[in-house]
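A quick write-up on the structure given underneath.
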Amino acid sequence: MRQSQLFTKTRKEAPADEVAKNAQLLIRAGFIHKEMAGVYSYLPLGLRVLTKIENIIRREMDAIGGQENKFATLHPSEVWKQTGAWDGVDVLFKIMSRTEKEYAIGQSEEEIATPIAQEYVLSYKDLPLAIYQIGQKYRDELRAKSGIMRGREFGMKDMYSFSATQDDFDKFYSIVQAAYFRAYSTCGLTAKATEASGGSFSEKLSYEFMVLTDAGEDDIVYCESCSHCANVEVSTEKEADTCPKCGKNKLKKARASEVGNVFDLGQKYPKAFGFKFMDADGESKYPVVGCFGFGTTRTMGVIVEKHADERGMVWPLSVAPFAAHLVDLSNGDERIKAMAESLYADLMKAGVDVLFDDRDARAGEKFADSDLIGIPYRIVIGKSSSDAAIEVVERKTGETKTYSREETLSGAYVLR
RNA sequence: CGGGGCGUCGUAUACCGGUAGUACGCCUGGUUUGGGACCAGGUAGAUAGGGUUCGAUUCCCUACGCCCCGACCA
């Protein structure tokens with residue numbers, strides 16, 4: 001894409017009404033636009049990142065047999081009344097039409113997914129089933145905070161699983177857990193799995209996926225020698241305790257952000273809707289339901305929190321809005337301009353995801369913008385450039401290397 | 001929801017009970033051109049409603065909005 005055509009612009013100064021690093025940088029770089037507390041619009045650059053995160057989790061869910069849907073966001077009040085959540089969930093937005101019909105706005109989708117599954121799951125042969133969607137969630141939070149990390153409207157992948165037995169659910173959970181770890185890792189994050197309270201949602205424990213960051217709002221203790229991790233909300237373990245799992249290291253305490261969670265919902269929802277299936281033994285049974293959340297927008301916020309420096313964001317290649325930032329420093333020099341234009345055309349042909357800074361601006365401004373936006377590789381075309389020598393700078397390290405035109409087009413610029 | 005803080009051009013800020021100033025941005029023109037360059041001219045502002053006062057952007061009250069701490073967090 002040509003930057004001269006990109007309608008958003010960068011700002012030199014951070015907005016005065018944001019303290020969170022993720023919001024400051026994303027707004028300065030024109031990735032998002034604040035509508036009100038806890039609600040942000042995603043602009044072209046931000047949408048590119050969000051879409052990449054969505055595709056990462058989408059691939060993982062598809063790979064383990066999840067089937068994607070797009071559930072309704074505007075819900076009839078009846079299903080919420082049927083499960084008791086209409087009066088039991090205080091973050092639920094409720095609205096009334098001009099004809100005084102009541103609706104709920106989706107804050108989670110058990111009330112929608114369960115009746116859908118009920119319509120099609122008649123036999124144990126139809127199980128297990130995992131249906132998911134990626135979309136917006138709405139929650140009437142008393143206090144939105146931390147930029148895009150805790151909003152009233154946010155993006156989430158939510159999957160609902162239906163299993164014949166508790167055992168089947170447990171097996172499926174471990175499959176999903178592995179998929180989640182892969183997804184976070186692909187996004188450039190190291191996640192830990194922990195147990196936490198199920199809240200009013202479930203009597204059982206829930207499982208949470210945590211990424212260490214001071215911008216989070218959970219306190220956890222974890223072991224550096226093994227995978228053990230616990231939320232202090234429900235655990236009696238304390239800092240410097242010996243790890244109960246490996247028995248070796250002293251536990252460390254840290255702030256973390258919950259980027260995903262799993263709720264073992266048991267048979268609560270099938271019971272509320274009278275959803276039974278015919279088992280192999282000829283008995284009608286309630287399936288066991290699980291809910292698997294993956295916060296897409298929160299994950300984006302955490303990535304910014306963890307991958308940034310004093311000059312701006314530093315996107316991992318997997319989620320970067322573009323892989324390469326082609327910067328034209330021709331300043332009216334026709335030879336250089338032609339070289340940049342032709343390289344841009346060929347990069348597009350080669351399938352490289354490239355943002356082309358073809359704006360009529362000075363080098364300083366272009367570099368500053370490029371640093372702020374944080375595209376992993378910057379290809380600079382200026383006076384010293386030739387087909388034999390094209391300068392590529394890695395955003396993360398500042399390391400500069402020189403490649404031939406062919407190497408640049410083939411993606412050899414991906415420094416290793 | 002409890003507590004605290006803050007609302008001034010598009011953005012970031014300053015001052016002040018009696019012409020609201022600066023920087024950036026934006027528009028014109030010119031000089032520049034590998035790290036947000038310079039000169040000249042221009043554009044644009046006090047959240048809303050009450051009150052005190054001769055006079056309020058400034059002081060007081062209320063509402064609304066935003067941020068932070070806590071509580072909460074399907």
Which condition number does A:Met300 fail, the rest of (1) surrounded by fewer than 24 Cβ atoms within 10 Å (Cβ to Cβ); (2) away from RNA strand B (no atom under 15 Å from the Cβ) being met?
(1)
Consider region A:393-408. How many of its residues are touching a residue at least 24 places away in the same chain (Cβ under 8 Å) and more than 10 Å from RNA strand B (Cβ to nearest atom)?
3
Flagged in region A:265-308 as closer than 20 Å to A:Ala183 by Cβ and either assigned to a strand (DSSP E or B) or touching a His at 6+ places or on another chain (Cβ under 8 Å) (or both), in numbering order, are A:Gly290, A:Cys291, A:Phe292, A:Gly293, A:Phe294, A:Gly295
Here is a list: A:Ile148, A:Ile131. Which entry is touching a helix residue (DSSP H, G or I) at 6+ places or on another chain (Cβ under 8 Å), within 20 Å of A:Phe275 (Cα to Cα) and of a type in the set (Val, Ile, Thr)?
A:Ile131
Taking the condition buried (at least 18 other Cβ atoms within 10 Å of the Cβ), in contact (Cβ under 8 Å) with a residue 12 or more places away in the chain and either away from RNA strand B (no atom under 16 Å from the Cβ) or assigned to a helix (DSSP H, G or I) (or both), does A:Glu111 pass?
yes
When restricted to A:Val414, A:Val380, the only residue more than 10 Å from RNA strand B (Cβ to nearest atom), in contact (Cβ under 8 Å) with a residue 24 or more places away in the chain and either within 27 Å of A:Lys9 (Cα to Cα) or not acidic (Asp, Glu) (or both) is A:Val414
Taking interchain pairs and intrachain pairs at least six residues apart, which have beta carbon atoms under 6 angstrom, with the first residue in region A:347-373 and at pLDDT 95 or above and the second of a type in the set (S, T, N, Q) and within 8 Å of RNA strand B (Cβ to nearest atom)?
A:Asp369/A:Thr10; A:Leu372/A:Thr10
From the options A:Gly364, A:Gly312, residue that is of a type outside the set (A, V, I, L, M, F, W, C) and on the phi > 0 side of the Ramachandran plot
A:Gly312
Tell me the helices (runs of 4 or more DSSP H) entirely within region A:1-91 that contain at least 3 residues that are within 14 Å of RNA strand B (Cβ to nearest atom), touching a residue at least 12 places away in the same chain (Cβ under 8 Å) and touching a Lys or Arg at 6+ places or on another chain (Cβ under 8 Å).
A:21-28
If I filter region A:367-374 for residues that are surrounded by 16 or more Cβ atoms within 10 Å (Cβ to Cβ), under 22 Å from A:Asn55 (Cα atoms) and either within 32 Å of the chain's Cα centre (by Cα) or not hydroxyl-bearing (Ser, Thr, Tyr) (or both), do I get at least one hit?
yes
Residue tally, condition more than 14 Å from RNA strand B (Cβ to nearest atom), exposed (fewer than 14 other Cβ atoms within 10 Å of the Cβ) and charged (D, E, K, R), over region A:349-366
1
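The values are calculated or read from the model by the stated rules, or taken from the named source; none is laboratory data. Just so it is clear, the model here is predicted, and its values are computed rather than measured. Cβ coordinates were reconstructed from backbone atoms using ideal geometry, including for glycine residues, and neighbour counts include every protein chain displayed.
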